[in-house]
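No value in this document is a laboratory result; all are computed from the given coordinates. Values in this document were obtained by computation on a predicted structure and should not be read as measured data. Ideal geometry is used to build each Cβ from the backbone, glycine not excepted, and the neighbour counts take in all protein chains shown.
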Amino acid sequence: MPSFDIVSKVDMQEVDNAVNQALKEIAQRYDFKGTHNELSLEKEAIQILAADDYKLQAIVDILKGKLVRRNVSPKCLDFGKKEPASGGAVRQRIGIVQGIDKEKAKEIIRRIKETKLKVQPQIMDDQVRVTAKQIDDLQEVIQVLKGQELEIELQFVNMRS
């Protein structure tokens, strides 16, 4: 039976490249001269330390721009709350979302079932597998999901016929 998987994966090498490009831009920008700002990539998160709220927002905007240029969706970013740091600085942790959690998977399945197509979606760990008797139904499901606005970025992989 034809099937495909719906996943939400982030290329961490591209995230690392975007962080490095953002660091270079921060080092060169005039409005950051003379202030202490840090941007670092941890295992599944990005840590930002900025001199003030304005600079924190500017760093986030730079980072989002660099991610978009590298074909990484900003939807994969999970912004933590801003925390005060020493010397009036501000710290923020941004998680990188990998995989589809159970609630979002249920939402995707609900949207697939609303199409009334003859397909069988099922949750498998952090992905959703969709099977059908006809490959055309699977392609229609992909088009429907691409046209809808979801909180996470989806990729469609492992198409088998």
Within segment 79-100, restricting to residues that are surrounded by 13 or more Cβ atoms within 10 Å (Cβ to Cβ) and charged (D, E, K, R), the one that is nearest to V157 (Cα to Cα) is R93
Checked segment 86-110 for anything touching a residue at least 24 places away in the same chain (Cβ under 8 Å) and closer than 20 Å to K9 by Cα; matches are R93, I94, G95, I96, V97, Q98, G99, I100, D101, K104, E107, I108
